[in-house]
């Protein structure tokens, strides 16, 4: 007898066929998409902050509710307790959000420490709550010189690690000092147009996925692990 259609390693109790109703006809949320924006510089004239505020304005024009986290005063990861006010604020915003925008300067060919610290303070799980899993993500960077994509490429890796739905489009603004006026507003340009494109795509992906995010991130391996952990706890109580 052929074993081509047998699955001896499969935990049948936790294998579930795809639920098309959960994918295509979920209950629809009616509130405005909730987008958290993070930027990666503490400079007084910070182009990543300027770009982030432009992105927030565009998102609100698309009908989103936005919140921008100010990283000033955020301690280094593991340099303070989890109940530090800035850490608690960041984690509460991450839980509130349905999508995020990460915008970093590129420094020494990489994202800044300010940017990485914010991401490192957001855990994969907080008890039963996963503050990033299933959220959408848009990535942007600003450059002091010619256009580069090092920071956005790194941000994409982090987004995948945080189990986020990172949209295909992205923004990289070269010679950012030329792209913003004295008030910090971005001048008309193809780089501004690209930020509009990225925010439009983020809103579309957020609306498309937020109602089904829990189902999209429901995994066979995690169901197996949860059942094993529950069985272990029950066995310990009966000993």
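Among the DSSP beta bridges whose two residues both lie in the chain, what percent are antiparallel, rounded to the nearest 5?
10
Out of all DSSP beta bridges with both ends in the stretch 93-190, state the antiparallel percent to the nearest 5.
Within the stretch 93-190, antiparallel bridges account for around 20 percent of the total.
Over the stretch 30-238, what is the relative contact order in percent, taking alpha-carbon pairs closer than 8 angstrom and at least six residues apart?
22
Counting just the Cα atoms, what span does the stretch 1-81 cover along each of its three principal axes? Round to the nearest Å and put the largest first.
72, 38, 24
What 222 nm value per residue comes from the helices of the chain, counting each DSSP H run with n ≥ 4 as -39,500 (n - 2.57) and dividing by all residues, nearest 500 deg cm²/dmol?
Calculated mean residue ellipticity at 222 nm is -12500 deg cm²/dmol.
Does the stretch 34-112 come out rounded, prolate or oblate, given a ≥ b ≥ c as the square roots of the eigenvalues of its C-alpha gyration tensor, rounded meaning a/c under 1.5 and, failing that, prolate meaning a/b above b/c? List each step's numbers first, then the result.
Working: a/c = 2.17, a/b = 1.15, b/c = 1.88.
It is oblate, given that a/c is not under 1.5 and a/b is not larger than b/c.
Express the Stokes-Einstein translational diffusion coefficient of the stretch 68-209 in µm² s⁻¹, to the nearest whole number, given a Kirkwood radius over alpha-carbon pairs, 10 °C and a viscosity of 1.306 mPa s.
100
Counting every Cα pair in the chain, what percent are over 31 Å apart? Write down the numbers at each step before the final one.
Working: 9149 of 28441 pairs.
Percentage above 31 Å: 32.
What is the gain in length, in nm to one decimal, between residue 70 and residue 196 on full extension, counting 0.36 nm per residue of separation less the C-alpha to C-alpha distance?
Full extension of this stretch gives 43.1 nm more.
Which residues does the label zone of residue 129 cover in the stretch 69-90, counting backbone N under 16 Å from a point 7 Å along Cα→Cβ?
Within reach of a label on residue 129: 82-90.
Starting from the Cα of residue 10, step 7 Å toward the Cβ, then list every residue of the stretch 210-231 with an amide N under 14 Å from that point.
Correct set: 220-221.
Beta carbons within 10 angstrom, averaged per residue: use that to sort the peptides 29-42, 207-220, highest first. Each step should come with its number before you reach the end.
Numbers: 29-42: 19.7, 207-220: 15.4.
Taking the mean over residues of other Cβ atoms within 10 Å, the ranking is 29-42, 207-220.
None of the figures in this text is laboratory data; all of them are computed from the coordinates on show. Keep in mind it's a predicted model, so treat the numbers as computed, not measured. Positions of Cβ are generated from backbone atoms using ideal geometry, with glycine treated the same way; all protein chains shown enter the neighbour counts.
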